[in-house]
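Right, one structure below, let's go through it.
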Amino acid sequence: MSDRRPNLLFIYADQHRADVMGCAGNDIVLTPHLDRLASEGVRFDQTWTESPICQPARASLLTGRYPGDHGVLGNFAGNCQPEWDTFPRRLQEAGYTTATIGKTHFDAWPMGAEPGTPAPTDEWIGSFGFDHVVEEFDRYVHLFDVETPYMRFLREHDALEPYQEVVQANFRGGDGHWKGVTSPLPQELDLTCFLADEAQQWIGRQPGDRPWFLQLSFVQPHVPLMGDPIWADHYASAQIERTARAEPEAFTDEWAAHLGFLRKHSHSELLTDEFVLAGARQYYAMVSLIDQRVGGLLAQLEKQGQLDNTWIVYSADHGEMLGDHGLMAKMNFYRSSVRVPLIVRPPSGTTGRVETAPVQAFDIAATMLDAGSAAALDGAPSRSLVPLVTGMDGATRDCVVSMIRMRPGLPTWHAISNGNWRATINADTGEVSELFDLVTDANETTNRVGDLNVDDELYLLRNQLTSTLESA
């Protein structure tokens with residue numbers, strides 16, 4: 001007997017900031033297929049990641065919980081655990097065929113592992129709730145003495161060595177870390193295309209009598225800032241405005257130390273307008289290639305008659321500063337880092353609209369389970385967005401929360417926003433490091449810490465933060 005429950009396609013980018021989409025008001029970047037999803041669904045404009053750091057953000061999505069609950073508080077500082085209650089396993093138990101293609105980052109390997117430690121196996125990743133696994137990693141990993149599916153693919157096409165040479169020249173930590181460069185590979189050999197091809201082949205193999213869930217996790221537009229030749233050429237002369245130029249202010253010693261780390265990691269002394277523009281052009285190229293391949297997925301679903309029976313969600317783990325506030329990467333709570341794109345298109349589409357109420361990125365977990373009629377995660381604070389998408393007037397959040405802890409022994413930072421104000425608070429001492437009026441100061445240029453005129457706003461944010469985390 002045929003099971004007509006909807007298919008679930010979750011497309012997850014790495015380090016895609018929320019404002020680099022045409023549907024978000026960006027008139028330079030070309031993203032017609034993401035724009036189409038937004039025009040046929042709901043774009044959630046105020047979506048916060050639970051942590052602007054890869055591993056904790058992904059663990060939160062997997063479990064529908066805040067980092068302080070699941071315990072993965074930073075990169076290379078802990079791994080996801082197969083015994084956790086995860087949304088892919090709930091879908092699997094509900095009868096869905098499940099797959100993950102791309103970067104899961106459930107494990108700290110190889111950066112957080114002892115030398116010689118083998119890569120996570122497909123079986124281990126599958127134990128989180130996936131029947132099919134194609135695991136990939138940041139492009140820096142392709143320099144290690146390891147073998148990944150993409151590395152095998154490039155070797156088969158005699159393309160691994162020139163690719164590795166460019167990645168090595170722009171390795172993390174060095175002066176080339178944030179340098180914009182064009183890939184030596186033709187577009188069809190790009191990692192984004194490899195993962196999209198794997199996804200389309202998997203979808204094409206699925207029978208029509210059983211619903212499927214696919215998490216397609218693109219590795220880009222994460223650094224290195226290296227776009228494919230076709231899209232890099234398209235943006236070669238693009239004038240991409242550098243916004244939010246105000247440098248961060250520190251009102252506490254701990255936050256000053258964190259900002260010092262961010263400036264060092266960003267190589268802030270190199271971030272001239274010309275340098276940042278070159279990187280932004282490559283970043284836009286990577287986003288447009290992702291969008292191009294999203295278009296290929298949509299065309300395939302239409303051709304197979306599945307588009308009108310598939311929920312499609314697009315999001316990312318965190319954003320990218322791209323020179324804003326004199327910084328690159330993430331690991332802070334400025335909007336370029338903490339906000340992520342989130343588009344939800346239901347089967348057959350709906351009247352496109354923008355939802356401005358605060359949303360947590362891990363609400364995707366509850367949304368997938370609700371859309372698939374699967375059991376909810378036990379006690380998780382993740383909330384389904386299905387009622388908001390389908391017009392059933394679902395409840396909205398009053399605030400969103402995010403956190404950062406770089407390493408064990410360093411401070412834990414909590415950030416909270418109610419849409420009007422944002423605060424950053426040291427969870428260990430209670431000291432306030434940042435306070436911004438988002439209504440009159442959208443670029444977060446004036447830190448209001450110490451301003452007695454806004455004590456009431458800070459008091460409200462503190463109470464909202466406490467009640468949110470205590471009820472999680």
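Values in this text are rule-based calculations from the coordinates and carry no lab data. Just so you know, these numbers come straight off a predicted model, no measurement behind them. Cβ sites come from the backbone with ideal geometry, for glycine too, and all protein chains shown count toward neighbours.
Taking a label point 7 Å from the Cα of ASP3 along the Cα→Cβ vector, which residues of segment 162-203 have an amide N closer than 19 Å to it?
202-203
Please compute the net charge surrounding ARG89, taking Lys and Arg as +1 and Asp and Glu as -1 over other residues with Cβ under 13 Å from its Cβ. Don't skip to the answer; put the middle values down first.
Details: positive: ARG90; negative: GLU83, ASP85, GLU93, ASP131, ASP378.
Spelling it out: positives minus negatives among the neighbours equals -4.
If we sort 297-306, 416-425 on the protection proxy, mean other Cβ atoms within 10 Å, highest first, what's the order?
Details: 297-306: 14.9, 416-425: 21.4.
Answer by packing, highest mean first, reads 416-425, 297-306.
Run lengths n ≥ 4 of DSSP H only: what is the helix-derived mean residue ellipticity at 222 nm for the chain, with -39500 (n - 2.57) per run over all residues, to the nearest 500? Numbers along the way, then the final one.
Values: 15 runs with 152 residues, N = 472.
-9500 deg cm²/dmol, from helical runs alone.
Once you order the gyration tensor axes a ≥ b ≥ c over the Cα atoms, which shape class does segment 7-397 get: rounded for a/c under 1.5, otherwise prolate or oblate by comparing a/b with b/c? Let's see the in-between values first.
Working: a/c = 1.31, a/b = 1.23, b/c = 1.07.
Because its axes are fairly even, with a/c under 1.5, segment 7-397 counts as rounded.
Taking the Cβ of each residue in LEU191, LEU9 as the centre, tally the other Cβ atoms inside 10 Å and list the residues starting with the fewest. Write out the running numbers ahead of the final one.
Details: LEU191 28, LEU9 25.
In order of increasing Cβ crowding within 10 Å: LEU9, LEU191.
What FRET efficiency would be calculated for the residue pair PHE144, ARG407, taking the C-beta separation as r and a Förster radius of 25 Å, to the nearest 0.05?
Working: r = 22 Å, r/R0 = 0.87.
Computed FRET efficiency for PHE144 and ARG407 comes out at 0.70.
Please report how far the C-alpha centroid of segment 117-182 lies from that of segment 316-338, rounded to the nearest whole angstrom.
23 Å
May I ask you to compute the full-extension gain from ARG462 to ARG155, defined as 0.36 nm times their residue separation minus their alpha-carbon distance, rounded to one decimal in nm?
Details: separation 307, 0.36 × 307 = 110.52 nm, distance 5.37 nm.
Answer, rounded to one decimal: 105.2 nm.
Where Lys and Arg each count +1 and Asp and Glu each count -1, what net charge lies around GLY41 among other residues with Cβ under 12 Å from its Cβ? Don't skip to the end; give the middle numbers.
Numbers: positive: ARG36, ARG43, ARG345, ARG353; negative: ASP35, GLU40, GLU355.
With Lys, Arg at +1 and Asp, Glu at -1, the net is +1.
Using the Cα centre of the chain as origin and beta-carbon charges of +1 (Lys, Arg) and -1 (Asp, Glu), tell me which of PHE362, PRO184, ASN453 is placed farthest towards the positive end of the dipole.
Farthest towards the positive pole: PHE362.
Using unit Cβ charges (K, R positive; D, E negative) and no other charged atoms, how large, in debye to the nearest 20, is the dipole of the chain about its Cα centre?
Details: 36 positive and 65 negative charges, 127 e Å.
About 620 debye.
Sort GLU198, GLU457, GLU274 so that the residue with the fewest other Cβ atoms within 10 Å of its own Cβ comes first and the one with the most comes last. Could the numbers behind the result be given before it?
Numbers: GLU198 20, GLU457 17, GLU274 7.
Ordered from fewest to most neighbouring Cβ atoms within 10 Å, GLU198, GLU457, GLU274 come out as GLU274, GLU457, GLU198.
Given the Cα-Cα distance of THR396 and GLU123 and 0.36 nm per residue of separation, how much length would full extension add, in nm? Walk me through the numbers on the way to the answer.
Details: separation 273, 0.36 × 273 = 98.28 nm, distance 3.76 nm.
My answer for the length gained is 94.5 nm.
Would you be so kind as to identify which of LEU410, GLY102, ALA278 lies farthest towards the positive end of the dipole of the chain, taking Lys and Arg as +1 and Asp and Glu as -1 on Cβ and the Cα centre as origin?
GLY102
About its Cα centre, what dipole magnitude does segment 63-132 give when the only charges are +1 on Lys and Arg Cβ and -1 on Asp and Glu Cβ, stated in debye to the nearest 20? Provide the component values of the computation, followed by the final result.
Values: 4 positive and 9 negative charges, 46 e Å.
With only Lys, Arg, Asp and Glu charged at Cβ, the dipole is about 220 debye.
Might you report the magnitude of the Cβ-based charge dipole of segment 350-432 about its Cα centre, with Lys and Arg at +1 and Asp and Glu at -1, to the nearest 20 debye?
Around 220 debye, computed over segment 350-432.
Answer with one residue from GLY305, HIS16, SER348: the one whose Cα lies farthest towards the positive end of the charge dipole of segment 7-397, charges on Cβ with Lys, Arg +1 and Asp, Glu -1.
Comparing the listed Cα positions along the dipole, SER348 ranks first.
How do LYS103, LYS264 rank when sorted from fewest to most other Cβ atoms within 10 Å of their own Cβ?
Listing LYS103, LYS264 from fewest to most nearby Cβ atoms yields LYS264, LYS103.
Just to be sure I follow the rule: in segment 7-397, considering lysines 8 or more places apart or on different chains, how many pairs have Cα atoms under 26 Å apart? All intermediate terms of the calculation are to be shown ahead of the outcome.
On the way: LYS103/LYS179; LYS103/LYS330; LYS179/LYS264; LYS179/LYS330; LYS264/LYS330.
Number of lysine pairs found: 5.
Suppose R0 equals 45 Å. What FRET efficiency, 1/(1 + (r/R0)^6) with r the Cβ-Cβ distance, do ALA257 and VAL354 give to the nearest 0.05? Spell out each step's value before the answer.
Working: r = 38 Å, r/R0 = 0.84.
After rounding, the FRET efficiency stands at 0.75.
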